[in-house]
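This report refers to the structure that appears directly beneath it.
What follows is calculated from the coordinates using simple rules that are stated; it is not laboratory data. Remember, it's a predicted structure, so these values are computed and weren't measured experimentally.
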Amino acid sequence: MDVVYGVLVVLHLLGWAMVFGGVLAGMKGVTLNPGAFHGVLTALVTGILMVGLASSGVAGREPDNVKIAVKLVVALAVTAMVVLGWRNPERITRGWLGGIAGLTALNVAIAVLWD
């Protein structure tokens, strides 16, 4: 199960990288890159699967529920911003894209720095 968990971690980080890179790529033209949409869904689904594996004890890890709750709130905010921007492209501004990029960086920082 460690291999499955490790693959989920890699996919999770790649999903956030797709969001971050897609948003930064769209800053010049003030557009939301399709990769950001697919990346946020990948990150959200793999994050939920990782918490499920860790909570079941199969992965040999015990999740920090407060950390997971904070990360979930940030992830849902990013997901909402990306989906709303995807459905309504005229809503997108540089500030909107900056908010997505900032929250994405915050989510990764929480994952790495929170002990």
- Message: Per DSSP helix of 4 or more residues, -39500 (n - 2.57); summed, then divided by the residues of the chain. What does that give at 222 nm, rounded to the nearest 500?
- Response: -27500 deg cm²/dmol
- Item | Estimated Rh, the chain: Kirkwood, alpha-carbon pairs, angstrom | 14.4 Å
